[in-house]
Structure formats: C-alpha cells, structure tokens
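The values are calculated or read from the model by the stated rules, or taken from the named source; none is laboratory data. On a predicted model such as this, the values are computed, not experimentally measured, just so you know. Using ideal geometry, Cβ is built from the backbone for each residue, glycine included, and neighbour counts are taken over all protein chains shown. The area values use the complete protein model at the heavy-atom level, side chains included, leaving out ligands, DNA and RNA. Shrake-Rupley method; radii C 1.70, N 1.55, O 1.52, S 1.80 Å.
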Amino acid sequence: MAAALLKTSPLSAKSRLLQQSGLSLYSSAHGFHEESVKKKLLKLTGGSVDLCKDENGIGILTLNNPSKMNAFSGAMMVQLLEKVIELESWTDGKGLIIHGAKNTFCSGSDLNAVRALGTPEDGVETCMFMQNILTRFMRLPLISVALIQGRAMGGGAELTTACDFRLMTPESEIRFVHKEMGIVPSWGGAARLVEIIGSRQSLKVLSGALKLDPTRALSLGLVEEILRSSDEADSLEEARNWLHQFVNGPPEVIRALKTVVSSGKELQMEEALQTERDVLGTVWAGPANLKALEKKEKRDRATVRK
C-alpha cells in the first residue's frame, strides 16, 4: 500500500538528487570532466584530509596542512571528495565536526596551487570541482559543525558555510578575503552566506573583507555559540558535547530529519512536502518508532493506575 501511494506524485530530478548519494551539480553535460580535473589537482601535493569515525556516530574531519595554516593543496581537494564519498555510505553516521590541525581552521587555497591553476579555465574548473564537493557535503544526512579555531580565511571561510552550524573559539576569526585577492568566492560561499545572514549583511562582509571576531559573528547570526576554551583538544571536546544534543537518537531518525530539512531548504514547497512523505515511509513503523510507541504506552498505563 505504501509503495503504491509513493507512485502517485513523481518527484523532480532535484528532489531525487536530495534523497540519493553521489550526485553532483556539474557533469559532462556542463562541459565538466571530473577525472581530468582530479588528475591536474593531484599533481599539486601537500597536506591531507583525515577522517575519524567513532562508535557513537560522530565523525571528525581534520584539515591537516599546518605549515600553511591548513590551506588546501590540489591533492587535499581530491581527498576531501574521497572523504565525502566515504561519509555518504556511512549508514551509522549521525554527526560530523570539521576542524583544522594545530589549532587553526583553514586559510583557503595553497598559493602554490593557485599559481599553478593560472588560467580562467583552470579557475572555473576548480570552482566547479569544489562546488560539487561542498554541495554533496552539505547534503550529507549528517548534522555538521564547523569548529573554527584560529583563522578561517578565504576558501576556509567558505567551507564553514557548507556546515549546518558553526562554533568559534574565543580567539578565532572568520574573514572572506576574496576582494583583497581580486576575486569573488567560488566554492559556493557567497550564496550560502546570503542564506545564513541575508544579502545586506553578506554584501558588507564580502565587500569590506571584514574581520569577524566571535562576538561580531555571533551578532550576525553566522555562528551558534562561542566556546569557552581556545585549547585545541578542549574546544574539540566542547564541540563534540554541543553536537551530541542534536544527534542523540537512532541514526535512521537523525539522518531522516537532516534529509527533510535539506529538502525544505532547497526545494519548492510541493516537492519538499513530497520528500517528507517519502522519507516518512522509511521510518514509520520502524524500530525507533515502535520502541517510542511502546514506551509511551507504558507511561500512559502507569499514569492511569495512579
């Protein structure tokens, strides 16, 4: 019966995209050839992107290039794609924290990579590559948090906007420095910043290349909270505890909630409602639902006896 009901209102391609893994914005239909771009980027070595997944369903994604303030080399961009693909298939996952090694977040692109990608064609290809990755990252059925320790600059600032939430340590800073580099955000950061803080404030932040300390970022609504500690290990533990309140529950329920919120953000109302319907079909009368109903019945019976 449920399967028959789901056939009554076919979803658009974008609706289906939000419910599937491994689909990107750009493909060969757009003149984008991912494999050739990857080969070019892999020649620009340095640093790594590391992923640790714990038994509680929280992943820690670490940008690890501390000698360059965790700037992205070309190889790190490819590794980020690999980690996103791994996370797309992590069915036990519920949450994700992204941070930088050695108490700084990310200073954007490694200047060696920027110089090597010196033509407008190179720039557009890299833009499409990173927009693909960060769109897939944003659509992961995991609740994501950017832990901003030290500086998040340029592409690093853009990366924070792909997360569901942002937390800052007391001595950290976010700065979109693109104007000073003679460019614009190209990893999707401008569009996402407008969604988070609005167009007027985004124009001020971008055109002024403003230094956003934790207090100012909090007042703009860019971050959720200022953590107590600036220590690398302590702030990571604070971020983990903060995230735990939102991922405390069965993976299938947390992941379903993230999926319907993503659809509500990206789709027209009718398609978002259809997505809710489809996702509901995966959890209704499922183990978590039946367990919750059983607990409620026991509480109700106990109340009646009183």
**Report entry** Dimensionless Rg ratio for the stretch 21-248, taking C-alpha atoms and the 2.2 N^0.38 Å reference
**Finding:** 0.95
Report task. Please get the size of the charge dipole for the chain, origin at its Cα centre, with Cβ charges of +1 on Lys and Arg and -1 on Asp and Glu, quoted in debye to the nearest 20. Result -> 660 debye
Requested in this report: Stick to Cα atoms and the Kirkwood definition of Rh, then tell me Rg/Rh for the stretch 73-190.
Outcome: 0.96
Query raised in the report: For the chain, what is the accessible area per residue in Å² when the probe is 1.4 Å?
Result: 51 Å²
**Report entry** Debye, to nearest 20: dipole size of the stretch 165-306, +1 on Lys, Arg Cβ, -1 on Asp, Glu Cβ
**Finding:** 640 debye
Query raised in the report: Considering only protein heavy atoms and a 1.4 Å probe, what is the carbon-and-sulfur percentage of the accessible area of the chain?
Result: 55 percent
**Report entry** Inverse of mean 1/r across different Cα pairs in the stretch 174-248, Kirkwood, Å
**Finding:** 14.0 Å
Query - Extended-chain gain in nm, criterion 0.36 nm per residue less alpha-carbon gap, Glu224 and Ala29 - result: 66.3 nm
Query raised in the report: For Lys53, which aspartates and glutamates qualify as cross-link partners when the Cα separation must be under 18 Å and same-chain residues fewer than eight apart are set aside?
Result: Glu82, Glu86, Glu88, Asp92, Glu237, Glu238, Glu252
